[in-house]
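Below is one structure, written out as structure tokens; the observations come after it.
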Amino acid sequence: MARTLAHQLIDAHLVEGRMEPGEEIAIAIDQTLTQDATGTLAMLELEAMGVDRVAAELSAQYVDHNLIQEDFRNPDDHLFLYSACRRFGLWFSGAGNGVSHPVHMQRFGRPGKTLLGSDSHTCAAGSMGMLAIGAGGLDVAMAMAGRPFYTNMPEIWGVELTGELPEWVSAKDVILEMLRRHGTDGGRGRIIEYHGEGLAGLSAMDRHVIANMGAELGATATVFPSDEATREFLAAYSRDDDWMPLAAEKGCSYDVEDHIDLSALEPLIAKPASPGNVVPVRDVAGDSLYQAYIGSSANPGYRDFAISALMVAGRRTDSTVSFDINPTSRTLLEDLTRTGLLLHLLQAGARLHQAGCNGCIGMGQAPATGQNSLRTVPRNFPGRSGTREDSVFLCSPETATASALAGKITDPRDLGVDYPQIPEAGIHDFEQIHVVKPLPPEEARQVDVVKGPNIVTLPEFEGLPERLELPVLLEVHDYITTDEIMPAGARVLPYRSNIPAISRFCFDIIDESYPQRAEETGSHAIVAGRDYGQGSSREHAALAPRYLGLRAVLARSFARIAWQNLISFGILPLRYDEDEQPPKRGETVVLEDLHEALTRGNRLTATVNGRSLALAHDMSARQVEIVLAGGMINHVKQGGGNA
């Protein structure tokens, strides 16, 4: 039977299970990616599991999120990560080198490989024919230790692209069209595979834009073929030998199918406060503007900055607009400088920031209260920008730049200028990409891991008892994000290696009293709606509430990574049906004979203030063992989790 590309990639790495949608499978992981907001925990987890050296084919650690050095905490963590990489055998990319996803593509990405990353946008590497998946840091630590990655076999969603993008419409508008059609949970339980003659007009970095924001659709991964566009990208970094052709086999069929005529697309924009709130730019044209922000892992390529630079060449942006340029890699800055494009941006009034994630994750460049910010970032969840009452729109570089010039939200087709022709960036020597090689094992064992005062050993948790009596401390809405569960930004992220300290911020966008109430109560439950935990892969959104006593989350459905993170730290992810009345805040959920109930099937019954509540769990037998042990680390220490 003819196979999709996704099926080929999974089959080549399958360790356990059957490739039937919904079945648990295990796949071998070739490469891992960690970044500093999640990598600190991953390194502490390696240490807690007693790992001597990473066993993956290639593991790379990037410092790209927490770059603001207002005190000792972030630089201490940078030093910790550098020393941990030297000790455990990882490549290291330091502060200022750039955002993990484009740098990894430039230096390490290879068609046909699997990549597991502790960043939800790891899926961006699917743009070059990799099977790239975002996961919690503990899953990535397991992969670094040589263990396979477990997930439920996804459906394969084939999206046929035909036609050619019109002028002023770009790759960002393609993924915004997908979000307009399908919302932020339309890809849950699926791998999106793009195919069709329309691919010929999309470069590898155009594909990166689309693959990156597959995370916003809730997809497990996004896959593009490895073709001439991939070869050209690798050749631009002097890596011709790493290319190989990969494509779906002729005549293959997909579990789900969709079609986009690229020529019919127009400039689109996601209104606050969800990537799924998409409308044509013309619907909001004329609205006021405070900030236009170019650059992030979602639009990291040379073309994304070059188009902006050429649009503003010889012009000035409106004096009322903060025109923020957020370079995504050191090599990109070199390209913009060498081609003269950086000068166009600066002369137009741009504010130039260091290469990294920066404002995308709320680390600087926060907008003013009540003012509109247009950004080429992947997410506009409430408060993510660093301003609690923010108003962030997601759009293409063309739309953001046209709006900066006009001083108001503007459809770029209405700017009245010719569409720019982008000059070539040239060829790079990939050895000049600033990453530090791993030490040989003998030298690595002599390295001491450097821990500053803000780096705290991971807390230890007990296993699951037979009976839980859990007061409901919090009710949260549908589609609650990890940014609302465990905020990011300059206020919070410096504590990412200190679980007791970071737990003080849990749910504070929703209810500032939760951390204190949780600490006073101890074991408790939270009740949620649909798609609990969409967004970032940060395991702090599970680990910090667990530290405060969270033992169960009752929800209608869970986002994939958040669901796995709950299991990894011994928290029960329990699902109630549409026709069930969920518990209210202040009520008490009682779960009895848990060990037997969890192991005999996926249905169990709770008592809520005297009434029965039917619940389900979707865990495999392996995952039940992890929860019973009190989490993945306990499970490994007890001899579980062997490859």
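Where a number appears in this text, it was derived from the coordinates with a stated rule and is not lab data. Please read all numbers here as calculations on a predicted model, not as lab measurements. Because the Cβ atoms are built from the backbone with ideal geometry, glycine has one as well, and the counts that use them run over all protein chains shown.
A few remarks follow.
- Considering helices alone, the calculated mean residue ellipticity of the chain at 222 nm is -7500 deg cm²/dmol, with DSSP H runs of length four and up weighted by -39500 (n - 2.57) and normalised per residue.
- Relative protection proxy for 218-225, 74-81, from highest mean packing down: 218-225, 74-81 (other beta-carbon atoms within 10 angstrom).
- Bridge type composition, the chain - antiparallel percent by DSSP, nearest 5: 35 percent
- Hz values of 3J(HN,Hα) by residue in region 512-523 - Karplus curve (6.51, -1.76, 1.60), Gly and Pro given as x: 5, 7, 4, x, 5, 5, 5, 4, 6, 7, x, 4
- For the pair Asn602 and Asp52, a Förster radius of 41 Å applied to the C-beta separation gives a FRET efficiency near 0.65, rounded to the nearest 0.05.
- The simple spin-label model puts a point 7 Å past each Cα toward its Cβ; for Leu14 and Asp414 those points are separated by 5.3 nm.
- Shape box of region 211-310 [Cα atoms, principal axes, largest first, Å]: 49, 37, 26
- Each eigenvalue of the Cα gyration tensor of region 468-637, multiplied by 5 and square-rooted, gives one semi-axis; in descending order these are 24, 18, 15 Å.
- Contour minus Cα-Cα distance for Glu442 and Glu164 (0.36 nm per residue): 94.7 nm
- Around the amide H of Ile269, modelled in the peptide plane, lie the amide H atoms of Val279, Val281, all under 5 Å away and 5 or more residues distant in sequence or on another chain.
- Debye log10 I(q)/I(0) at q = 0.18, 0.21 Å⁻¹ for region 3-77, Cα point scatterers: -0.88, -1.00
- Backbone phi angles across region 456-469, fed through the Karplus curve with coefficients 6.51, -1.76 and 1.60 (θ = phi - 60°), yield HN-Hα couplings of 10, 4, 4, x, 9, 10, 7, x, 6, x, 6, 9, 10, 10 Hz in residue order; Gly and Pro are listed as x.
- Relative frequency of Cα-Cα separations exceeding 25 Å in region 327-461, percent: 50 percent
- When only Cα pairs below 8 angstrom with a gap of at least 6 residues are kept, region 1-155 shows a relative contact order of 33 percent.
- Between region 276-327 and region 49-89, the alpha-carbon centres lie 33 Å apart.
- J(HN,Hα) series, region 333-341, from Karplus relation 6.51 cos²θ - 1.76 cosθ + 1.60, nearest Hz, glycine and proline x: 4, 4, 4, 5, 6, 5, 8, x, 6
- Relative contact order (percent, whole number), region 489-643, Cα cutoff 8 Å, 6+ residue spacing: 18 percent
- Put simply, when 551-562, 271-282 are sorted by average Cβ atoms within 10 angstrom per residue, most first, you get 551-562, 271-282.
- Region 183-215 and region 525-561 have their alpha-carbon centroids 27 Å apart.
- The loop-placed GluC sites (Glu not before Pro) in region 1-81, going by DSSP, that have at most 15 neighbouring Cβ atoms within 10 Å of their Cβ come out as Glu23, Glu57, Glu70.
- Amide proton proximity set for Leu470, modelled H, under 5 Å, gap of 5+: Val589, Val590, Leu591
- GluC sites (Glu not before Pro) restricted to DSSP loop in region 426-496 with at most 14 other C-beta within 10 Å: Glu460, Glu462, Glu466
- Helix 171-182 axis versus longest C-alpha principal axis of the chain: approximately 40°, rounded to the nearest ten.
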